[in-house]
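Since the structure comes first, as structure tokens, the remarks are kept for the end.
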Amino acid sequence: MTDSVTFDATSPRYALPLLFQGQAQKEFFINEALFRLDALLHIAIEGEAAVPPASADDGQAWLVGAGATGEWAGHDEALACRQGGQWLFVPPQEGLRVYDIAAAQERFFQTGWKKTQSVQEPNGGAVVDIEARAAVTQLVTALQVLGMLPGA
């Protein structure tokens, strides 16, 4: 006797629900998948927080900070997306990039969320060469943190 064929119920990266032939109430599965896609497509987060905001509009998202409490408890480092009046939590995958509106910069996930620090511009004077070299070093480091340049 042959083994029965089994199918995955969700997609491998972001757990999008998959449909099966003859499945009842397909609209629930399709809507869940569309909510997740809507949350992740060109995602911009409001900022990072460990406590859910007092009020949030559908379509807004946050990066859940360490030691999260309330409805966000147990979802540290996940993206909390407000969809349909509920919180949808999406665990980050390696290489995920988001735009942080509050910090006005991009964040990058690589075994943890990363963001760059400000780079000081050289301001002239007797040590301009030293300052310029330091600024270039800071720029290279910032690009490495965001995964745009390979690390040394």
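This table checks each residue for (1) over 24 Å from PRO17 (Cβ atoms); (2) surrounded by fewer than 17 Cβ atoms within 10 Å (Cβ to Cβ); (3) touching a residue at least 24 places away in the same chain (Cβ under 8 Å).
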residue: ALA54; (1), (2), (3): yes, yes, no
residue: GLY59; (1), (2), (3): no, yes, yes
residue: LEU79; (1), (2), (3): no, no, yes
residue: ARG82; (1), (2), (3): no, no, yes
residue: GLU94; (1), (2), (3): no, yes, no
residue: ALA103; (1), (2), (3): yes, yes, yes
Notebook entry, point to check: If you go through the range 125-134 one residue at a time, do you hit one that is exposed (fewer than 15 other Cβ atoms within 10 Å of the Cβ), within 30 Å of ALA33 (Cα to Cα) and at pLDDT below 90?
Noted result: no
Next item on the list: Select from the range 14-32 the residues that are within 17 Å of PRO91 (Cβ to Cβ) and over 17 Å from the mean Cα position of the chain (by Cα) and write down the one among them that is modelled with the lowest pLDDT.
Entry: PRO17
Check: Of these, ARG82, ARG36, ARG107, which one is farther than 23 Å from MET148 by Cβ, of a type in the set (Lys, Arg) and modelled with pLDDT of 90 or more?
Finding: ARG82
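Evaluate the following for ALA66: is it under 17 Å from the mean Cα position of the chain (by Cα), more than 14 Å from ASP100 (Cα to Cα) and hydrophobic (A, V, I, L, M, F, W, C)? Break it down into steps so the answer makes sense when it comes.
Numbers: under 17 Å from the mean Cα position of the chain (by Cα): yes; more than 14 Å from ASP100 (Cα to Cα): yes; hydrophobic (A, V, I, L, M, F, W, C): yes.
Yes.
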Notebook entry, point to check: Has the range 34-47 got any residue that is assigned to a helix (DSSP H, G or I), over 13 Å from the mean Cα position of the chain (by Cα), hydrophobic (A, V, I, L, M, F, W, C) and surrounded by 12 or more Cβ atoms within 10 Å (Cβ to Cβ)?
Noted result: yes
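The values are calculated or read from the model by the stated rules, or taken from the named source; none is laboratory data. Computed from a predicted structure; not experimentally measured. Ideal geometry is used to build each Cβ from the backbone, glycine not excepted, and the neighbour counts take in all protein chains shown.
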